[in-house]
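To start, the structure under review is shown below, and the notes come after it.
Quick note: the coordinates plus some simple rules give every number you see, no bench work behind them. Here the structure is a predicted model, which is why all the values come from computation and not from measurement. Ideal geometry is used to build each Cβ from the backbone, glycine not excepted, and the neighbour counts take in all protein chains shown.
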Amino acid sequence: MKFMLNGALTIGTLDGANVEMLEEVGPDNIFIFGMNVEEVEALAKRGYKAREYYEKNAELKQCIDEIASGFFSPEDPQLFRDLANSLLNDDRYMLLADYEAYITAQEKVSATYANQDAWMRMSLMNIAASGKFSSDRTISQYAREIWGVEPTREKLPAPFETPQREQEAVESGK
């Protein structure tokens, strides 16, 4: 969300903050990829096996094999082996299932970036739609809905603006 406030375009799955961002900016101004909630639940119910995705996709297999082999860390070939093992044996976020959709979305990002007019329009739409995520609105909502207090616009004095500090300043001639 913070990046959106500055005009960044988001590429991500439809979960967490991306759901709210999509609602605000619209589907033409964000790059959403991957499974939706129902598809994730159905895959989990069928029994997700990351290794099946690894075996079926040569590009994905090459990426994971290079991570596991130390290709990206020749000074310490074991450095990322646990990452590869985690992806293959404990992929609780179903990352490998979304890999092909991610690649397709990234290609769309690249094509959009090549069209600077489209990219800038999307960037401006993100800035214009990000008001909901301002800290003022968020803090006010938290105050009411979570903390059970009514927000106020009363400005609290800065530490140097207290009556005691003001008197000290007067006495010291500042």
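Data overview
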read-out	value
Added length on full extension, which subtracts the Cα-Cα distance from 0.36 nm per residue, residue 133 to residue 55	24.0 nm
Electrostatic dipole magnitude of region 1-82 [Cβ: Lys, Arg +1; Asp, Glu -1; Cα centre; debye, to 20]	260 debye
Burial ordering of 43, 156, 9, 96, fewest other beta-carbon atoms within 10 Å first	156, 43, 9, 96
Relative packing of 106-113, 128-135, 146-153, which averages over residues the other C-beta atoms within 10 Å, highest first	128-135, 106-113, 146-153
Three-way shape label, region 1-87, alpha-carbon gyration tensor, a/c 1.5	oblate
Dipole in debye (nearest 20) - region 134-174, about Cα centre, beta carbon charges: Lys, Arg +1; Asp, Glu -1	160 debye
Cα-centred dipole magnitude for the chain, charges only on beta-carbon of K, R (+1) and D, E (-1), debye, nearest 20	220 debye
C-alpha center-to-center spacing [region 116-143, region 74-98] in angstrom	34 Å
Helix-only mean residue ellipticity at 222 nm for the chain, each DSSP H run of n ≥ 4 adding -39500 (n - 2.57), per residue, nearest 500	-17000 deg cm²/dmol
Whichever lysines have a C-alpha closer than 25 Å to that of residue 108, once near sequence neighbours (fewer than 8 apart) are set aside	2, 56, 61
At R0 = 30 Å, FRET efficiency that the Cβ-Cβ distance of residue 69 and residue 106 yields, to 0.05	0.80
Among (i) 163; (ii) 135; (iii) 254, the entry that matches volume of the Cα convex hull per residue in Å³ as calculated here	(iii)
